[in-house]
Every structure is written in C-alpha cells, then in structure tokens.
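Working notes for the structure below.
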Amino acid sequence: MKMWIGVFVDYLRFERNLSERTIEAYQADLEAFEQFYKNLNSELSWNTIDSDVIRDWEVSMMNNGNSASSVNRRLSALRSFYRFLLRRKMVTVDPAHNLRGPKKEKSLPYYIRESEMNQLLDGEGYFSDDYEGNRDRMIMLMFYSTGIRLSELTGLDLADVDLDQMQVKVTGKRNKQRIIPYGDEMGDAIRTYLGLRASFLATKGREEEKAFFVDTRNGNRIPAAKVQALVKRYLSLVTTQRKRSPHVLRHSFATSMLNHHADLQSVKELLGHESLSTTEIYTHTSFEELREMYKQAHPRAK
C-alpha cells in the first residue's frame with residue numbers, strides 16, 4: 001500500500017506540478033496516517049479503513065496538541081488522496097469525504113491593559129505641552145475613548161465633534177455614520193486641543209482648515225501613516241506587546257467596556273459592527289483577563 005502514496009506523489013509532481021515542499025507535506029501527512037491506522041490494526045489498509053478510523057486520528061492529533069489548522073491541513077491531504085484513489089478505481093469508497101475537521105480557533109485580539117493606558121494618558125513626561133504633544137495625546141485618548149478606526153479618526157472634521165452634546169459623528173465603512181458619546185475628560189482635552197490647534201494653524205495661514213487633526217508639517221489633514229507611527233511610538237513607552245497599532249486601541253476600548261460591565265449590544269453599536277458575532281470575540285478577551293485575575297487573587301488557583 002505504500003506504493004499508492006508513491007503513485008500519488010508522482011501525480012502531484014508530474015501532473016499537478018506542485019512544489020517539492022508541498023509534495024513533501026502531502027507525503028508526510030499520508031505516511032503519518034498510514035502509521036496511525038497500522039498501529040490500530042495491522043490488518044487495515046487504505047481500501048478497508050472507515051470514517052471512524054479517520055475520526056480517531058483526528059481526535060488523536062488534537063489530544064497531542066496539534067492546532068485545528070494543522071489537523072485540517074492533514075485531513076485535506078487525506079481527502080485529496082482518496083479523491084485520487086477513487087478516480088483511479090483503486091478504492092470504491094471514500095471514507096474521508098463527509099468528515100469535517102475541527103473549527104479553527106479564533107485568535108484573541110491584542111489589547112493594551114487599562115493600567116498601561118492610564119500610565120500613558122495620566123503620567124508625566126509622555127507628551128509635550130505644545131500643539132504637537134497635545135494633538136498626539138488627543139489622538140491616543142480619542143482612539144481609546146471611542147474605539148474608532150484609523151480611517152474614521154483621520155476623516156474627522158471639526159463639524160463632526162459636538163462639544164455641547166459631547167458626541168462625535170463618525171463615518172465608517174460603506175459611508176455608514178454613527179454617533180459616539182464621550183465623557184468629561186475627553187471634552188476638556190478637546191477644548192484645550194482646539195485652542196492650540198487654532199493658534200498653530202494661524203501661523204500656517206490655514207485658519208479655514210476643516211480637518212480635526214492636522215499635520216504639524218503643513219497644517220493639512222494628518223495622514224494615516226503618521227498616525228500609525230505615532231501610536232506605535234507612544235504605546236512602545238508603556239508596553240512590550242508586539243502589536244502596537246490604532247486597531248489595538250480599538251480592541252482596548254472594547255475590552256475595557258466589557259470589563260466594566262457594558263452589554264455586548266451597546267459595544268457593537270459603538271464599534272459600528274454589522275454583526276454581534278464580530279463583537280463577541282471581545283468577550284473571550286475579557287474572560288482571559290478575568291481568568292488571570294482569578295489566578296492571581298485566589299489562594300487555591302495556583
């Protein structure tokens with residue numbers, strides 16, 4: 001029966017023209033399964049195994065710590081092999097045809113801890129007192145306080161920020177608009193920022209500029225790339241986390257809201273998600289933080 005794998009490998013190499021690396025992966029996966037079913041029962045062969053044997057292999061791989069993506073890749077190799085055997089009439093039944101692999105794990109979103117954001121926004125020495133420093137702090141505070149996207153922040157105009165109603169009008173994906181409220185802290189920061197912004201733009205002769213956030217170089221609307229760079233720079237001061245982007249601040253906003261008992265539907269509306277399932281991933285993040293707090297606090301949790 002090992003000859004069958006060899007015939008399949010020749011097919012992949014000479015008819016499908018797959019790369020040697022891909023062919024080696026197919027061969028290793030099939031040989032691993034062959035070894036598995038032979039260990040179960042030495043009398044088994046490719047044309048006598050059934051779906052239960054493949055399910056046993058799947059469970060065995062998961063129990064041995066293989067990721068869902070790794071298990072699915074090996075099952076995909078097995079399906080391809082059986083389709084090949086059927087076309088060549090080397091088997092009469094495909095036991096892998098209707099088998100589903102494990103669901104892929106949803107990767108948890110990166111987020112900045114509340115203590116780290118408090119350190120950055122409340123600590124001394126992180127932002128200068130001039131226009132640029134106030135603008136940068138305003139950007140960090142707005143990301144963290146509203147959860148808006150990078151494109152939504154750079155697209156903000158003065159008319160979108162309502163100081164009286166304490167809310168921001170955001171234009172999101174597919175030009176869909178939503179209103180996000182903000183608190184007293186951000187209201188005070190906005191007033192301070194707008195005063196410095198007006199003085200700065202006067203020096204550039206750009207008093208009529210409508211963009212809320214403007215670049216120090218020319219007084220134009222601040223570019224997205226510059227916002228990304230400054231967010232990464234400031235977050236680097238308080239965290240060693242690998243991902244330090246505006247989107248991480250969006251994740252941080254959602255996680256903080258849920259950690260402080262906001263309901264999921266409200267967070268969905270604030271983030272501008274189309275589906276509640278998109279927002280649900282943050283409940284996993286919050287639970288992970290809760291788990292960590294439990295481990296640290298409970299005397300029997302070690």
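Contact map, region 171-198: residues that are part of a helix (DSSP H, G or I) paired with residues that are buried (at least 16 other Cβ atoms within 10 Å of the Cβ), Cβ distance under 6 Å, separation 6+ or inter-chain. Pairs shown: Met186/Leu141; Met186/Ser145; Ala189/Met138; Ala189/Leu141; Tyr193/Asn134; Tyr193/Met138; Leu196/Tyr131; Leu196/Asn134. Scanning region 84-95 for residues that are assigned to a helix (DSSP H, G or I) and either surrounded by 15 or more Cβ atoms within 10 Å (Cβ to Cβ) or at pLDDT below 90 (or both) yields Phe84, Leu85.
Checked against (1) among the basic types (Lys, Arg); (2) touching a Lys or Arg at 6+ places or on another chain (Cβ under 8 Å); (3) touching a residue at least 24 places away in the same chain (Cβ under 8 Å), Arg221 meets all criteria but (2).
Just to be sure before I move on: is Asn47 surrounded by fewer than 16 Cβ atoms within 10 Å (Cβ to Cβ), within 38 Å of the chain's Cα centre (by Cα) and more than 14 Å from Arg100 (Cα to Cα) in the structure I sent? Judged against the criteria, Asn47 is not a match. Residue check: Tyr111 meets all listed conditions (1) assigned to a loop (DSSP other than H, G, I, E, B); (2) over 35 Å from the mean Cα position of the chain (by Cα); (3) on the phi < 0 side of the Ramachandran plot but one, namely (2).
Given the structure, is Asp129 part of a helix (DSSP H, G or I), free of Cβ contacts under 8 Å to residues at least 60 places away in the same chain and farther than 24 Å from Leu271 by Cβ? No, not satisfied. If you check Phe81, Phe8 for being surrounded by 17 or more Cβ atoms within 10 Å (Cβ to Cβ), closer than 14 Å to His97 by Cβ and in contact (Cβ under 8 Å) with a residue 60 or more places away in the chain, only one passes: Phe81.
Just wondering, is there one or more residues in region 105-117 that are of a type outside the set (Asp, Glu), closer than 30 Å to Arg191 by Cβ and at pLDDT 95 or above?
yes
Ile139 satisfies every condition listed in (1) surrounded by 12 or more Cβ atoms within 10 Å (Cβ to Cβ); (2) among the β-branched types (Val, Ile, Thr); (3) touching a residue at least 40 places away in the same chain (Cβ under 8 Å); (4) not in a helix (DSSP H, G or I) except (4).
The values are calculated or read from the model by the stated rules, or taken from the named source; none is laboratory data. Quick caveat: nothing in here was measured; it's all calculated off a predicted structure. Using ideal geometry, Cβ is built from the backbone for each residue, glycine included, and neighbour counts are taken over all protein chains shown.
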